[in-house]
Amino acid sequence: MIPILAAAAGVSALLLGVALGGTLRRTAALLLLGVGLGLALLVVAYFTATPSDQRQDCSDCYAYLGRWWEPGFAVFVIGLALIPWVLGVLVGSGIRASSRRRAIKLSKP
């Protein structure tokens, strides 16, 4: 499951980098989008966890912030997904920037 999540993050970021990247500002915005998606995933993991007043359904979970879940593992998984996201954005933005530079050079007589 984790390799699929990481691969999906990397491919999505690469496609977004090629489509929208190319400048420093756009690349930074795409990187911040990845951090925002990671935080959203953390919030979703928290709200889908079993409340602490109900019986826990996993053996490794502890009660954190009123829920039975493992935030350290969630942060670890999100961190693993952010690595291919950052690489995908940087490679995609690099591809777009180099193709724009090449197009500018070809258009000059």
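Details
- Meets criteria (buried (at least 16 other Cβ atoms within 10 Å of the Cβ) and without any contact (Cβ under 8 Å) to a residue 24 or more places away in the chain) for residue 49: yes
- Residues that are among the aromatic types (Phe, Trp, Tyr) and in a helix (DSSP H, G or I) within the range 19-76 comprise 46, 47, 73, 76, listed in sequence order.
- One residue stands out among those in the range 25-57 that are closer than 29 Å to residue 15 by Cβ, β-branched (Val, Ile, Thr) and more than 10 Å from the chain's Cα centre (by Cα): the one that is modelled with the lowest pLDDT, which is 48.
- Residue match in the range 69-80 (condition: at pLDDT below 95, under 14 Å from residue 12 (Cβ atoms) and of a type outside the set (Val, Ile, Thr)): no
- Identity of the residue in the range 1-22, open to solvent by less than 50 Å² (accessible area, probe 1.4 Å) and not aliphatic (A, V, I, L, M), that ends up nearest to residue 81 (Cα to Cα): 10
- One residue stands out in the range 79-101 among those that are small (Gly, Ala, Ser) and more than 17 Å from the chain's Cα centre (by Cα): the one that is least open to solvent (accessible area, probe 1.4 Å), namely 97.
- Filtered by the rule that a residue be open to solvent by 60 Å² or more (accessible area, probe 1.4 Å) and touching a helix residue (DSSP H, G or I) at 6+ places or on another chain (Cβ under 9 Å), the range 30-46 gives 33, 35, 37, 39, 41.
- Contacts under 7 angstrom Cβ, first residue in the range 86-109 being over 11 Å from residue 30 (Cα atoms) and at pLDDT 70 or above, partner among the aliphatic types (A, V, I, L, M) and surrounded by 15 or more Cβ atoms within 10 Å (Cβ to Cβ), 6 or more apart: 91/14; 95/18; 96/18
- The residues of the range 52-78 that are closer than 30 Å to residue 29 by Cα, open to solvent by less than 70 Å² (accessible area, probe 1.4 Å) and in contact (Cβ under 8 Å) with a residue 24 or more places away in the chain, listed by number, are 71, 74, 77, 78.
The values are calculated or read from the model by the stated rules, or taken from the named source; none is laboratory data. No experiment lies behind these values; they were computed from the predicted model shown. With ideal geometry, Cβ positions are generated from the backbone for all residues, glycine too; neighbour counts draw on all protein chains shown. These area figures cover heavy atoms from the full protein model, side chains too; ligands, DNA and RNA do not enter into them. Shrake-Rupley method; radii C 1.70, N 1.55, O 1.52, S 1.80 Å.
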